[in-house]
Amino acid sequence: MEIIKDIQNAYLPELILFIFIILNIIFSFFIKKNTYKISKITTLLAIALSGLSIFFIQINPTYKAFNDVYISNIYTTAFKIMILISGLLIILSSQSFIREKRQKSYEFFSIFLTGILSAFSIISSNDFISAFISIELLSVCCYFLTSFRRNHKSKEAALKYLITGASSSAIFLLGISYLYGITGNINFSDISDVISTSGINIMFIITCILIISALTFKLGCIPFNNWIIDIYEGSTYGVGTYLSLIPKIAAIGLISRLFVFIFSYSPIIQILTAIIALCSIIYSAIGGVNQTNIKRLYAYSSILHSGFLLLAASCVSVYGFSCLIFYIFTYIFMNIGIWNAAIIYTTNYQSDEIIDYKGIFYKNPYFSIAYTICLISLAGLPPTSGFLSKLYLFSALSREDFTYLIILFLTLCATVISLFLYFKMIKVIYEKNSQDTKIIKNITIGKIILYICSIITILICIYPNEFIKLSQIIAYYI
Amino acid sequence: MFEITLYHYLVLSLILFAIGFIGIIISKNIIKVLICIEIVMSAINLNFIAFTAYKNYLFLSGMIFALFITAISAVQTAIGLVLIYQIYKNKEKITSEEIEELKG
Amino acid sequence: MDFFANNIFLIMFLPLWICLIIISGAFIRLTENRKMTAFLTSISTLTGLVFSIALFNDIKSPQPIIIEDSFSWLNIDNLNIYLGVLLDSTSAIFLVILMLISLLIQIYSYGYMKNKEEFNKYFVYLNFFNFAMTGLILSPNLIQLYIFWELVGVASYLLIGFFHKKEDVSQSAKKVFIINRFGDTALLAGIIFFAYFSITYMNQQPNEFLAFSDLDYFHNQLQSLTYPNVYNLVLSLFLIGAFVKSAQFPFQQWLIDAMKAPTPVSALIHSATMVCAGIFLIIRIYPLLSDELLKIILSIGLITAVLCAFIAISQNNIKKMLAYSTSSQLGLMFTAIGLQSIPVAIIYLVIHSFTKALLFLCAGNISQISNSIETKDISGLRKIDFYLAIYWLIGALSLSGLFFGGFTSKEMLLNIAENNKSILFLILLTSFMSTFYIFRTYFNIFEGNKREEYKIINEKSMSFALMTMVIFVIFPGFLFKVSQINMLCLLAFGVCITAIFSAYFSNKCNKIMIPPLLYKLSQNELFIPNLYNSIGRLFNLIYFAVNIIDKYVIEGFINITVKITKFISNIISKLQNGNIQTYVSYSIFSIGIILLIILYLYFMALRS
């Protein structure tokens, strides 16, 4: 029985997630008391078991399951582990939001898990059909999550997400259809074989550009980045954390694998991707200067880091991909740190404006110090891990050819401008003369996660070698 | 009579694609936007099926993909209708000017 | 003994932990009791002292042991940065001095700063300085040295600007930091160039990047490969960094500005430890230096020694005089290095640190008794505080090289210089002037009529620190034996006695027995600050033009960049107009532009 063998060797984590999704839905029919607790425990159990089962699938020689549609190797497993870690931290940190909706918490958690499941499928897909279906599934989950809080802004945000998502899927499919027309296969390895034997022509390059542009929708880079700013503002903070991490990791996993198989045949595609990434970095760095809403500020910061990730993926070398993995790993903690800080503050004072964060250092010192550490890490300044990941990225960029040096220089300029985004927030935290600074009352788990994230950020800077070596080993197996 | 080659189908699908996208950009009513999304997806379907029919490839992956696309675009439209209905309940009409609250 | 060797890093990190404890303790009111802060700080320094003495005993044994323990911090391809500790005889000695002087100064500061506010902040900064200086001494390679060099500069800025509520103090702190930055930049440029040479021209990659234990290997390779002039130029950048940090000739201004710090800080940083970082750097890169560079070190050392001693003769401000004296003595240490004798330099440094620290602490006591630091305002202190006079005398005798420790070190210095008559003459001139100014200050302050408003200070910690420091000034003199008592020795002795008598007479007659022109030169510090100012004013047009360029072009450039950024940011915000169809059209538009670019490139490629 091929299917059982395939499931046992490659599909086990996803199967466990699937079982727990169904379990959640079944519980929602029968168990009416303590809904929040039970759903949370099932979700955490799902994530833990799925993480455990990663040790039981075959990783080292690449295993292609379900007739070469589904791949399981070290690279994809690394991404899956990162998604599971981020999912775990998101659930732990966004408790106060979900707790409001007692009856609906089953729905929330099922959709949450479905999103993670689809992210797994995106990363491990070896075939355009499965990639497309998984992307659509992730999008549908995100539409639901965005509109979870039933006020007008959320619904509007979800509708905007849908329309933009549909148009990006259309362009994605256009690209795939032309690729199918050129090569006749939709499996990544088969396409790669066909193109290496026949040559490339202008149609191929246009196709690849269409595919990349459509995938930047999920990432949040230039052609399709307008939705991010509005959707982050419209959704709740927990969902915002989810949206800023999981689709991004999934999309960059897919893009990096596509780069290895398909896009590496022509250097023009690499350079154009790098230019797209550079444009999104500059766009977000300049655009974030005028923001007064904290969620929009976080959205611009999310676009900025997506730009860096795409830049790392576009230098198709072992350095580029190992830099990518290291960057994602450090980015998870920084990002959850800042979103967590916003969640803690908003649970007390329900305000979205940056001005209301004025002077919180003087009444809540440890909170502000941890928050500042995460902000400084996002900006990329020395004693934190953000500095090391950017340093690694720039050194990977400088190994490529000449055009990359120009791109490197412009990226450095853009990084300097983007410092302003984060320092605006830091300045507001330490402003002195405000009478109405707020005291943050105890939200234990959120604060614990914030402290853990900031400590991990500094720890990664003190002992980076193991992580860098690990990411180099992982990237080798792409 | 001239023969209908592959390129005719490709051009047709491109024209449909363009019509669909222009419809998305121009329509005032959001239901029209949903319909235009469907037009675009159908154009892509046409693309896949044309490639499968005219080129003698080994696998019929194009047709299978076309089936999947149809199914998934139906899902998208369904969700779109749900969301539109939710917004329609509070506001009496649903045009693209009604959903402009999040801006800046 | 293995326990000490395995836990060297404890010396470095204990002050840092205490620093963090005090900072965080401020929020939970742990250290409201000031004694607790000082106590914790002293415990950490005492531990460091115990460790360093144990390690020093280990190192001093007949076979030289070198303990090196570093871990690879960052390993990206060619860049292989190690962080860790390296303990050989040089760093062991520096460590002992640092810990000892630091401990005594902390005890003294408890008494000195007792009634001032922001007591805890002071001890936080002292701990941070301890951490930075220890890290610098224990660095195994140039990169860690540079990191801690910068941290020492930061600590010094924080401590100098401690009384930041006074306007001129913060200005001076900024000026000190900026001048030090200049030296730091030169050092960084030197390190980068040196790294470039070592990577490009070495046959095999060394494991540890720019390690001190590999310097001999570098030197042999590099001598045969690169142009010697370029190589000397790169190493002279290191020299500039060392000269700036140790306040040598063209850069001695910052030490004068640094005297606005509290007196224990001056004792710690600007006489005993931080200014020795320059000498430490030169000792570390000594295997790389060629003969021309040693000549440069020698000449600048001598020039500084003579000039600063000359300026110090007529200073009326005690701390300024001691600052110039520090520069001058450091010049003598550089001279010793230039004469290719590192042990002499180290011994001189050890003895000078204790002596200068003692003199600064006495100056602290003087300023607390009499509320002023000008010698014009003080007289007759001997009748008030007899012990203080004894301490100052002991320090003076050691500084001038007559008795105690200074005698030994001066003898060694004269012995290694004995073949070169001009160097000998300059060293004797310096010692004459040093004796003169220090004894003139003694006679001005301690002799004469007592003033009514002076009261003796009864602070136990301050007296304890002073007494211990005196012991350490007297002691080392008996540790080293002088090789022989020859003509040179007697000549030096005679020079100093002459100086003492001239100081005495100058005090009695109330004027100085040198021509008034020279006196004016000396009092106005050789007009060097005026020179710097007037060069600016002399080229008035250039100054004016530079001012305009600065105001309109450079600042204007920055303003324009800010305005453009805000303008574009406004445009981008307006682009997000909330209309979903606008968003989709932007996306299609961008994709269209990218496709057009591709098509354009394609047709250009087709045509050619």
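May I ask you to say which residue of A:ILE343, A:ILE332 is of a type in the set (A, V, I, L, M, F, W, C) and either surrounded by 23 or more Cβ atoms within 10 Å (Cβ to Cβ) or over 14 Å from the mean Cα position of the chain (by Cα) (or both)?
A:ILE343
Conditions tested, residue by residue: (1) at pLDDT 80 or above; (2) in a helix (DSSP H, G or I); (3) crowded, with 19+ Cβ neighbours inside 10 Å.
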residue	(1), (2), (3)
A:VAL416	yes, yes, no
A:MET425	yes, yes, yes
A:ASN433	no, no, no
A:ILE439	no, no, no
A:ILE449	yes, yes, yes
A:ILE468	yes, yes, yes
A:SER471	yes, yes, yes
A:ILE474	yes, yes, yes
A:ILE478	no, no, yes
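Have a look at A:PHE217, A:PHE224, A:PHE204 and point out the one that is within 12 Å of chain C (Cβ to nearest Cβ), out of contact with any Cys (no Cβ under 7 Å at 6 or more places or on another chain) and either over 23 Å from C:TYR586 (Cβ atoms) or open to solvent by 10 Å² or more (accessible area, probe 1.4 Å) (or both).
A:PHE204
Filter region A:136-165 down to the residues that are open to solvent by 10 Å² or more (accessible area, probe 1.4 Å), among the hydrophobic types (A, V, I, L, M, F, W, C) and closer than 30 Å to B:GLU97 by Cβ and list them by number.
A:VAL140, A:PHE144, A:PHE148
C:ILE594 fails exactly one of the following numbered conditions: (1) more than 59 Å from the chain's Cα centre (by Cα); (2) at the interface with another protein chain (Cβ under 8 Å from one of its Cβ atoms); (3) modelled with pLDDT of 90 or more. What is the number of that condition?
Checking C:ILE594 against (1) more than 59 Å from the chain's Cα centre (by Cα); (2) at the interface with another protein chain (Cβ under 8 Å from one of its Cβ atoms); (3) modelled with pLDDT of 90 or more, the one that fails is (1).
Does region A:65-88 include one or more residues that are under 30 Å from A:TRP339 (Cβ atoms), free of Cβ contacts under 8 Å to residues at least 12 places away in the same chain and either among the aliphatic types (A, V, I, L, M) or open to solvent by 70 Å² or more (accessible area, probe 1.4 Å) (or both)?
no
State which residue pairs qualify: first residue more than 7 Å from chain B (Cβ to nearest Cβ) and in contact (Cβ under 8 Å) with a residue 60 or more places away in the chain and inside region C:574-590, second residue open to solvent by 30 Å² or more (accessible area, probe 1.4 Å) and part of a helix (DSSP H, G or I) in any location, beta carbons under 6 Å apart, and separation of 6 or more residues or different chains.
Pairs found: none.
Being within 18 Å of the chain's Cα centre (by Cα), facing chain C (nearest Cβ under 10 Å), open to solvent by 10 Å² or more (accessible area, probe 1.4 Å) and of a type in the set (Val, Ile, Thr) is the requirement here; does A:ILE212 meet it?
It is false that A:ILE212 is within 18 Å of the chain's Cα centre (by Cα), facing chain C (nearest Cβ under 10 Å), open to solvent by 10 Å² or more (accessible area, probe 1.4 Å) and of a type in the set (Val, Ile, Thr).
Could you grab me the full set of residues in region B:49-81 that are more than 18 Å from the chain's Cα centre (by Cα) and surrounded by 17 or more Cβ atoms within 10 Å (Cβ to Cβ)?
B:PHE51, B:THR52, B:SER61
Limited to region B:2-20, what total is found for residues that are in contact with a helix residue (DSSP H, G or I) (Cβ under 6 Å, 6 or more places away or on another chain) and of a type outside the set (Gly, Ala, Ser)?
4
Would region A:149-156 turn up any residue that is out of contact with any helix residue (DSSP H, G or I) (no Cβ under 7 Å at 6 or more places or on another chain) and facing chain B (nearest Cβ under 9 Å)?
For region A:149-156, residues out of contact with any helix residue (DSSP H, G or I) (no Cβ under 7 Å at 6 or more places or on another chain) and facing chain B (nearest Cβ under 9 Å): present.
State whether one or more residues within region B:93-103 are in contact (Cβ under 8 Å) with a residue 24 or more places away in the chain and either away from chain C (no Cβ under 14 Å) or basic (Lys, Arg) (or both).
no
As an exercise: evaluate A:THR164 against (1) closer than 24 Å to B:ALA18 by Cα; (2) in contact with a Gly (Cβ under 7 Å, 6 or more places away or on another chain); (3) more than 7 Å from chain B (Cβ to nearest Cβ) and give the number of the one condition it does not meet.
Every listed condition holds for A:THR164 apart from (2).
Identify the single condition in (1) out of contact with any Phe, Trp or Tyr (no Cβ under 9 Å at 6 or more places or on another chain); (2) crowded, with 23+ Cβ neighbours inside 10 Å; (3) small (Gly, Ala, Ser) that A:SER124 does not satisfy, given that it satisfies every other one.
Status for A:SER124: all satisfied but (1).
Here are B:ALA78, B:ALA71, B:ALA50, B:ALA43: which of them is over 30 Å from A:ILE191 (Cα atoms) and part of a helix (DSSP H, G or I)?
Criteria check complete, one pass: B:ALA78.
Matching residues to (1) within 14 Å of chain C (Cβ to nearest Cβ); (2) in contact (Cβ under 8 Å) with a residue 24 or more places away in the chain; (3) on the phi > 0 side of the Ramachandran plot:
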site: B:ILE4; (1), (2), (3): no, no, no
site: B:PHE17; (1), (2), (3): yes, yes, no
site: B:ILE26; (1), (2), (3): yes, no, no
site: B:ASN29; (1), (2), (3): yes, yes, no
site: B:GLU38; (1), (2), (3): no, yes, no
site: B:MET63; (1), (2), (3): no, no, no
site: B:GLN76; (1), (2), (3): no, yes, no
site: B:LEU81; (1), (2), (3): no, yes, no
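Kindly evaluate C:LEU413 against the criterion of being more than 25 Å from C:LYS114 (Cβ to Cβ), modelled with pLDDT under 85 and surrounded by 21 or more Cβ atoms within 10 Å (Cβ to Cβ).
It is true that C:LEU413 is more than 25 Å from C:LYS114 (Cβ to Cβ), modelled with pLDDT under 85 and surrounded by 21 or more Cβ atoms within 10 Å (Cβ to Cβ).
Take A:LEU397 and tell me if it is within 14 Å of chain C (Cβ to nearest Cβ), buried (at least 21 other Cβ atoms within 10 Å of the Cβ) and more than 19 Å from the chain's Cα centre (by Cα).
yes
Run down C:ILE297, C:ILE285 and say which single residue is under 30 Å from C:LEU359 (Cα atoms) and either surrounded by fewer than 24 Cβ atoms within 10 Å (Cβ to Cβ) or not basic (Lys, Arg) (or both).
Every option except C:ILE297 fails the conditions.
Hey, among the residues in region A:167-197 that are outside any helix (DSSP H, G or I) and surrounded by fewer than 24 Cβ atoms within 10 Å (Cβ to Cβ), which one's nearest to the other protein chains (Cβ to nearest Cβ)?
A:GLY184
Run down A:THR457, A:THR444 and say which single residue is more than 14 Å from every other protein chain (Cβ to nearest Cβ) and surrounded by fewer than 17 Cβ atoms within 10 Å (Cβ to Cβ).
Result: A:THR444 is the single residue among A:THR457, A:THR444 that is more than 14 Å from every other protein chain (Cβ to nearest Cβ) and surrounded by fewer than 17 Cβ atoms within 10 Å (Cβ to Cβ).
For region A:336-350, does any single residue satisfy the condition of being part of a helix (DSSP H, G or I) and either closer than 13 Å to A:LYS390 by Cα or without any contact (Cβ under 8 Å) to a residue 60 or more places away in the chain (or both)?
Yes.
Quick check on my filter: what residues within region C:416-425 are open to solvent by 50 Å² or more (accessible area, probe 1.4 Å) and either of a type in the set (Val, Ile, Thr) or under 26 Å from the mean Cα position of the chain (by Cα) (or both)?
If the condition is that a residue be open to solvent by 50 Å² or more (accessible area, probe 1.4 Å) and either of a type in the set (Val, Ile, Thr) or under 26 Å from the mean Cα position of the chain (by Cα) (or both), then C:ILE416 is the only one that fits.
The values are calculated or read from the model by the stated rules, or taken from the named source; none is laboratory data. Please read all numbers here as calculations on a predicted model, not as lab measurements. Every residue, glycine as well, gets a Cβ built from its backbone with ideal geometry; the counts of neighbours run over all protein chains shown. Ligands, DNA and RNA are excluded from the accessible area calculation, which covers all protein heavy atoms including side chains. Shrake-Rupley method; radii C 1.70, N 1.55, O 1.52, S 1.80 Å.
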